[in-house]
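Everything below concerns the one structure shown next.
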Amino acid sequence: MVTIKEIAKRAGYSQATVSRLLNGDPTLSVKDETRRRIIQVSEELGYAAQASRRVVLPRKVAILDMVDPGDHLEDAYFNELRDVVVNSAAEQHMDIEFHTDVNELIDASAQYDGFITIGAEVIDHDDLRRLHEVLPYGVFLDTNPAPNLFDSVQPDLQQTVIDALDEFAAAGMKRVGFIGGIGRIGGTHEYPEDMRLLAFRNWANRLGFDIDGLIYIDGPFNVESGRKLGEQIIAERRDDLPDAFLVAADVIAVGVLQSFNAAGVIVPRDVSLISVNNQPIAQYTSPALSTYDIDRRELVRTGINLLGETMSGLHRVKHHVLLSTTLVARDSFVPAKHG
């Protein structure tokens, strides 16, 4: 059994410093090279693999911020996520610095224990490989562009789709549609269909829903795309609307509602809507959106813990964690009464 004393002797630091670091003492302040050396020695001696399985929380962390800096509604979800990262870092006594360019982070990599990425801007895969060479400890929040290189934490959108379909079925709805945007699956694979639409096609068919001609996707995840899709739906199906639509994101749903309201389509009387994300705007649309909530705090907390586990050598393969979502029922869809 490897002891703190052995690690301290090999690393060249006091037992007190080693013990406080490996036990995640938030009040400990040491140089980056000290932290790296102690962690390296503890991994070499197999300390992290012992039954104690101590997790070293990261202290100097880069935030790779891939969110458009403009204050646009389409970026609101990731802007909210950024705020949660900042608050959580303060609670954990983490020192964070923001970078908006991956090459900038690569150049500054020696300063950090690891990094956390927020935002959905596409990063070149060659750049991700170069980042991994100099800073192998990283977690992506809500996206998963390099599953073989870095860990990730995401909402379980496939299960969200299944849950929504179950809600439609419980309400007696048979014809349902999907409204979404152009997506990205993960890694180097890009498709026009994101995970929500792939899950919708699969499970709606398996569960016996009529979805023929009721899938609408076009462009990015923003209000304008939703408005255009809403207009297209009105032009094609004004007198033949389905029972409900599942909308991939609140920002798209805002545009859809604008088009529906302008055309005199009344939600949920004429068609129901369920959306995803539960952004603050969902409370103030007309009608207020029923939408699946993604727990941002849990997303960030899990990401920080996952980064610490990776740094501590507690797992050698990449971990991709999925978190469940919860329906917040408002006015655009009225769930059936259960029990």
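The values are calculated or read from the model by the stated rules, or taken from the named source; none is laboratory data. As the structure is a prediction and not an experimental result, all values here were calculated from the model. Cβ atoms come from the backbone with ideal geometry, glycine included; neighbour counts cover every protein chain shown. The area values use the complete protein model at the heavy-atom level, side chains included, leaving out ligands, DNA and RNA. Shrake-Rupley method; radii C 1.70, N 1.55, O 1.52, S 1.80 Å.
On C-alpha positions alone, give me the angle between the axis of helix 32-44 and the longest principal axis of the chain, in degrees, nearest 10.
Between helix and principal axis, roughly 90 degrees.
Give me the percent of DSSP beta bridges within the chain that run antiparallel, rounded to the nearest 5.
10 percent
With a cut-off of 8 Å between alpha carbons and a minimum separation of six or more residues, what is the relative contact order of segment 87-222 in percent?
18 percent
Any idea what the relative contact order of the chain is, in percent, if you count C-alpha pairs under 8 Å spaced at least 6 apart?
Across the chain, relative contact order equals 18 percent.
Using r as the Cβ-Cβ distance of residue 207 and residue 266, and R0 as 22 Å, what FRET efficiency do you calculate, to the nearest 0.05?
So, using R0 = 22 Å, E works out to roughly 0.25.
Roughly how tilted is helix 157-170, in degrees to the nearest 10 and between 0 and 90, from the longest Cα axis of the chain?
30 degrees
Sort 242-248, 28-34, 326-332 by the packing proxy (mean of other Cβ within 10 Å over each peptide's residues), most packed first.
242-248, 326-332, 28-34
Classify segment 157-294 as rounded, prolate or oblate, taking a ≥ b ≥ c as the square roots of the eigenvalues of its Cα gyration tensor: rounded when a/c is under 1.5, otherwise prolate if a/b is larger than b/c and oblate if not.
It comes out rounded by the Cα gyration axes.
For the chain, give the percent of accessible area contributed by carbon and sulfur heavy atoms, probe 1.4 Å, rounded to a whole number.
With neighbouring chains kept in place, the figure for the chain is 48 percent.
Would you rank 149, 289 by solvent-accessible area, highest first, keeping every protein chain in place and using a 1.4 Å probe?
Reading off the accessible areas and sorting them downward yields 149, 289.
Calculate the FRET efficiency for residue 337 and residue 86 from the Cβ-Cβ distance with a Förster distance of 45 Å, rounded to the nearest 0.05.
With R0 = 45 Å, the Cβ-Cβ based efficiency is 0.65.
Using Cα-Cα distances under 8 Å and only pairs 6 or more residues apart, what relative contact order does segment 170-320 have, in percent?
Taking the mean separation of contacting Cα pairs over the length of segment 170-320, I get 20 percent.
Rounded to the nearest 10 Å², what accessible area does residue 4 have for a 1.4 Å probe in the complete protein model?
Spelled out: residue 4, probe radius 1.4 Å, area about 40 Å².
Take 325, 100 and sort them by solvent-accessible surface of the protein heavy atoms, 1.4 Å probe, largest at the top.
100, 325
Give the cross-link partners of residue 31 among the lysines, using a straight C-alpha distance below 23 Å as the criterion and excluding same-chain residues fewer than 8 apart.
5, 9, 60
Quick check on the chain: helices-only [θ] at 222 nm, where DSSP H runs of length 4 and up contribute -39,500 (n - 2.57) each and the sum goes over total residues. Nearest 500, please.
Mean residue ellipticity at 222 nm (helix-derived): -12000 deg cm²/dmol.
So I have [x] 27, 24, 22; [y] 45, 19, 17; [z] 34, 23, 17, and one of them is semi-axes √(5λ) of the Cα gyration tensor in Å calculated from this model. Which one is it?
So the structure-derived entry is [y].
To the nearest 10 square angstrom, what accessible area does residue 296 show with a 1.4 Å probe?
In the full protein context, residue 296 sits at about 20 Å².
Express in Å², to the nearest 10, the accessible area of residue 66 obtained by rolling a 1.4 Å probe over the protein heavy atoms while all chains stay in place.
Accessible area, nearest 10 Å²: 30 Å².
Could you state the angle between the C-alpha long axis of helix 195-206 and the longest principal axis of the C-alpha atoms of the chain, as a value from 0 to 90 degrees rounded to the nearest 10?
50 degrees
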